[in-house]
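The values are calculated or read from the model by the stated rules, or taken from the named source; none is laboratory data. Note that the structure is a prediction, hence the values are computed from the model and not measured. Quick reminder, even Gly has a Cβ in these numbers, built from the backbone with ideal geometry, and neighbours come from all protein chains shown.
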Amino acid sequence: MGRFAVMSLTDAAADRVKEILSSRENALGLRVGVKKGGCAGMEYTIDLVTEINPADDAIEKNGAKVFVAPEAVLFLLGTVMDFETTVLKTGFVFKNPNQSSACGCGESVELTPVSAEHMRHLSEGA
């Protein structure tokens, strides 16, 4: 039985990850996580990975590697990581089914962790 992917990347996100990594020596990928902060309660984090943490979940698309911090898995399950360029902002965006609200500035979010029952269902269907 295979393991389900915690999150996925769009082509635009994969291209941007590869672009970032190509300009950084010893970079193996990007690590996505969440931390408490901001007016809505949580913020997404993105860090450069130079050393693999075996506890991370790894996602790869078109040669781009993204790692998910283990403490963030229940908050990021089912998330699609994208990269957008608009008139006002350029950066990674997260389409997260676990997000219940966001602050007005768009920098912080309210996330609800996936339930144990939902995790069990996903594991059985993988």
- line: Only one of (1) surrounded by fewer than 18 Cβ atoms within 10 Å (Cβ to Cβ); (2) touching a Pro at 6+ places or on another chain (Cβ under 7 Å); (3) not aromatic (F, W, Y) does not apply to L74, and that is (1)
- request: Looking only at the stretch 51-64, count how many residues are at pLDDT below 95, crowded, with 19+ Cβ neighbours inside 10 Å and either within 20 Å of S22 (Cα to Cα) or hydrophobic (A, V, I, L, M, F, W, C) (or both).
  value: 1
- prompt: Yes or no: S101 more than 12 Å from the chain's Cα centre (by Cα), part of a strand (DSSP E or B), among the hydroxyl-bearing types (S, T, Y) and at pLDDT below 90?
  reply: yes
query: Can you name every residue in the stretch 29-46 that is charged (D, E, K, R) and modelled with pLDDT of 95 or more?
result: R31
task: Considering only the stretch 1-89, give the strands (runs of 3 or more DSSP E) lying wholly within it that have at least 1 residues that are free of Cβ contacts under 8 Å to residues at least 40 places away in the same chain.
output: 29-36, 42-49, 57-61, 64-68, 79-85
